[in-house]
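Structure first, commentary second.
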Amino acid sequence: MHASSSKDLTDLEDLLGYTFKKKSLLKEAVTHKSYAHEKANNRMSFNERMEFLGDAVLELIISEYLFTFYPEYTEADLSRIKAYVVQESTLAEAAKNLEIGVHLLLGKGEEMTGGREKPSLLADAFEAVLAALYLDGGYKSASDFVLRQLADKIDQLTKNNFIFDFKTKLQEEAQARFAVLPRYVTHNEEGPEHEKTFEVKVYIKDDFIGSGKGKTKKAAAQKAAEQGLNKINEDSP
């Protein structure tokens, strides 16, 4: 089933929980450039510009939610949570739950290479659909839609303190980017037995990427992992 008919668009509206006044906005949001380029003579619109707008709307909605419901968090904490929530994997998961991929208009090449399952394409489509909804129904409709999809995710992450588990996040990144696990080494211990300070260093393969100090090895490893995450993100093209 593809979003090429009115019925398909209606099915997608049911999944989104919103009925569009201007159906062409939704159709543009689910039209990938690969499909539009195959129909070049029709000068068909595709969803890249909507991705741009949707990204900005999403940032505002998530920022407002965090600011309102997590007053005890610092600016750095809020920024860290927001970055996790709006990352590609989170948005791709939301798009899958909504079956957005099923309704995309794709070119033949993109179709053949599994475009409907690509995380980057799904995340972009989620943002484009959000932009279409914002343009059609305004900020309130867009906010309601986003929070239906992501508020529980935010609350679960913060409740379980997962968002601040830098070791888990570094492990995910190391496996995804380098196909290895980080290696932690206790580099130094200082102070009397009842008041020790530990220094832990973390490596990916043989490359040193971060260090941290703490009153426990676990706390020191968390700080090392945070520094390591910053390091590999800075080094990424």
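The values are calculated or read from the model by the stated rules, or taken from the named source; none is laboratory data. None of these values were measured; they are calculated from a predicted model. Cβ sites come from the backbone with ideal geometry, for glycine too, and all protein chains shown count toward neighbours.
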Checklist line | Residues satisfying the stated conditions in the stretch 17-27, i.e. of a type outside the set (A, V, I, L, M, F, W, C), surrounded by fewer than 22 Cβ atoms within 10 Å (Cβ to Cβ) and not in a loop (DSSP other than H, G, I, E, B) | finding: 23, 24
Notebook entry, point to check: Looking at residue 141, is it polar (S, T, N, Q) and modelled with pLDDT of 95 or more?
Noted result: yes
Next item on the list: Output the residues belonging to the stretch 187-237 that are modelled with pLDDT under 90, in contact with a helix residue (DSSP H, G or I) (Cβ under 7 Å, 6 or more places away or on another chain) and of a type in the set (A, V, I, L, M).
Entry: 229, 232
Item checked: Residue, surrounded by the fewest Cβ atoms within 10 Å (Cβ to Cβ), within the stretch 86-139, restricted to residues that are of a type in the set (A, V, I, L, M) and more than 16 Å from residue 29 (Cα to Cα) -> 112
Next item on the list: Have a look at 133, 157 and point out the one that is in contact with a Ser or Thr (Cβ under 7 Å, 6 or more places away or on another chain) and assigned to a helix (DSSP H, G or I).
Entry: 133
Checklist line | Count - residues of the stretch 52-96 that are polar (S, T, N, Q) and part of a loop (DSSP other than H, G, I, E, B) | finding: 2
Next item on the list: Inspect all residues belonging to the stretch 130-153 and state whether any of them is farther than 30 Å from residue 46 by Cβ, under 17 Å from the mean Cα position of the chain (by Cα) and not assigned by TED's automatic domain parsing to the domain that holds residue 217.
Entry: yes
Next item on the list: Name the one entry in 231, 201, 205 that is more than 30 Å from residue 119 (Cβ to Cβ) and either surrounded by 12 or more Cβ atoms within 10 Å (Cβ to Cβ) or under 29 Å from the mean Cα position of the chain (by Cα) (or both).
Entry: 201
Notebook entry, point to check: Would a scan of the stretch 104-123 turn up a residue that is of a type in the set (D, E, K, R), under 15 Å from residue 46 (Cα atoms) and out of contact with any Pro (no Cβ under 9 Å at 6 or more places or on another chain)?
Noted result: yes
Checklist line | Any pair with Cβ under 7 angstrom, 6 or more apart, that starts in the stretch 117-145 at a residue that is touching a residue at least 24 places away in the same chain (Cβ under 8 Å) and ends at one that is in a helix (DSSP H, G or I) and among the β-branched types (Val, Ile, Thr) | finding: 130/57; 130/146; 131/57; 134/57; 142/57; 142/61; 143/61
Check: Counting residues that are polar (S, T, N, Q), which strands (runs of 3 or more DSSP E) fully inside the stretch 163-237 reach at least 2?
Finding: 183-190
Checklist line | residue 189 being out of contact with any His (no Cβ under 7 Å at 6 or more places or on another chain) and more than 16 Å from residue 165 (Cα to Cα) | finding: yes
